[in-house]
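Q: Take a look at the following structure, please.
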Amino acid sequence: MKQLIAPIALAAALVLTGCSTPGSTNATSGAETTEVAATPTPEPVQIPDLTGAWKQNNTKSDDGWTSATITDDTITVNFVTDGGDTTSLFWVGTYTAPTDDTLPYVWTSTRDKAATDNALLASTDDTKDFTFADDEISFPVSIAGTSTTVRLSKD
């Protein structure tokens, strides 16, 4: 009889305490335990905000550069000379803000003819393409047969 008591006691102990493994049912509580994998939170989309003041970062002059101001719907570009004392209008046109984080971002600006027709150094192009990439805005400029790409950084 003593030989039967030990195996019965062991079996009773196992039934009462149960085995706890992931996904198994606990004999004492009836609750199922599972492991939950952490789901990474996606990064929020960072739509570039291009509004504000911009200044040329590839000028070859110590006292002259190109500057731009972008509002909700307009871009204005000026040539700045004499260390900032003189500004000459180059472009006033439409601005369309990006709607996602796709880069490069390119928009075609339509010139405001009323604002630029009487400005001596203003572009006479009907439209101009502006590109935003690598934290800078770039666009082509041609004056008197010379062409260059202006690059602007947020001021």
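Q: Take the residues of the range 122-155 that are hydroxyl-bearing (Ser, Thr, Tyr) and over 16 Å from residue 104 (Cβ atoms): which is surrounded by the most Cβ atoms within 10 Å (Cβ to Cβ)? First the steps, then the outcome.
A: Going through the range 122-155, the residues hydroxyl-bearing (Ser, Thr, Tyr) turn out to be 123-124, 127, 131, 138, 142, 146-149, 153.
Subset that is over 16 Å from residue 104 (Cβ atoms): 123-124, 127, 142, 146-148.
Working: 123: 21, 124: 9, 127: 11, 142: 10, 146: 7, 147: 8, 148: 12.
By that ranking, first place goes to 123.
Q: Quick one: would you say residue 94 is hydroxyl-bearing (Ser, Thr, Tyr), free of Cβ contacts under 8 Å to residues at least 60 places away in the same chain and touching a strand residue (DSSP E or B) at 6+ places or on another chain (Cβ under 9 Å)? Before the answer, list the steps.
A: Working: hydroxyl-bearing (Ser, Thr, Tyr): yes; free of Cβ contacts under 8 Å to residues at least 60 places away in the same chain: yes; touching a strand residue (DSSP E or B) at 6+ places or on another chain (Cβ under 9 Å): yes.
It is true that residue 94 is hydroxyl-bearing (Ser, Thr, Tyr), free of Cβ contacts under 8 Å to residues at least 60 places away in the same chain and touching a strand residue (DSSP E or B) at 6+ places or on another chain (Cβ under 9 Å).
Q: Okay, next question. Taking strands (runs of 3 or more DSSP E) that fall entirely within the range 98-155, which contain at least 1 residues that are of a type outside the set (D, E, K, R) and farther than 16 Å from residue 77 by Cβ? Step through it out loud before you land on a result.
A: On the way: elements: 105-110, 127-133, 136-143, 146-154.
The qualifying strands (runs of 3 or more DSSP E) are 105-110, 127-133, 146-154.
Q: Kindly indicate the residue of the range 74-117 that is out of contact with any helix residue (DSSP H, G or I) (no Cβ under 7 Å at 6 or more places or on another chain) and aliphatic (A, V, I, L, M) and also surrounded by the fewest Cβ atoms within 10 Å (Cβ to Cβ) among those meeting that condition.
A: Taking the candidates together, the pick is 114.
Q: Give the residue that is farthest from residue 140 (Cα to Cα), with candidates limited to residues of the range 52-73 that are touching a residue at least 24 places away in the same chain (Cβ under 8 Å), open to solvent by 40 Å² or more (accessible area, probe 1.4 Å) and not small (Gly, Ala, Ser).
A: Our first condition is that a residue be touching a residue at least 24 places away in the same chain (Cβ under 8 Å); within the range 52-73, this holds for 52-58, 66-68, 70-72.
From what's left, open to solvent by 40 Å² or more (accessible area, probe 1.4 Å): 53, 55, 57-58, 71-72.
From what's left, not small (Gly, Ala, Ser): 55, 57-58, 71-72.
Working: 55: 15, 57: 14, 58: 13, 71: 20, 72: 22 Å.
The qualifying residue farthest from residue 140 (Cα to Cα) is 72.
Q: Filter the range 22-51 down to the residues that are modelled with pLDDT of 95 or more and open to solvent by 60 Å² or more (accessible area, probe 1.4 Å) and list them by number. Full working, then the answer.
A: Within the range 22-51, the subset modelled with pLDDT of 95 or more is 47-51.
Result: 47, 49.
The values are calculated or read from the model by the stated rules, or taken from the named source; none is laboratory data. Predicted model only: the values in this text are computed from it and were never measured. Please note: Cβ atoms are built from the backbone with ideal geometry, for glycine as well, and neighbour counts cover all protein chains shown. We work out accessible area using only protein heavy atoms, side chains counted, and drop any ligands, DNA or RNA first. Shrake-Rupley method; radii C 1.70, N 1.55, O 1.52, S 1.80 Å.
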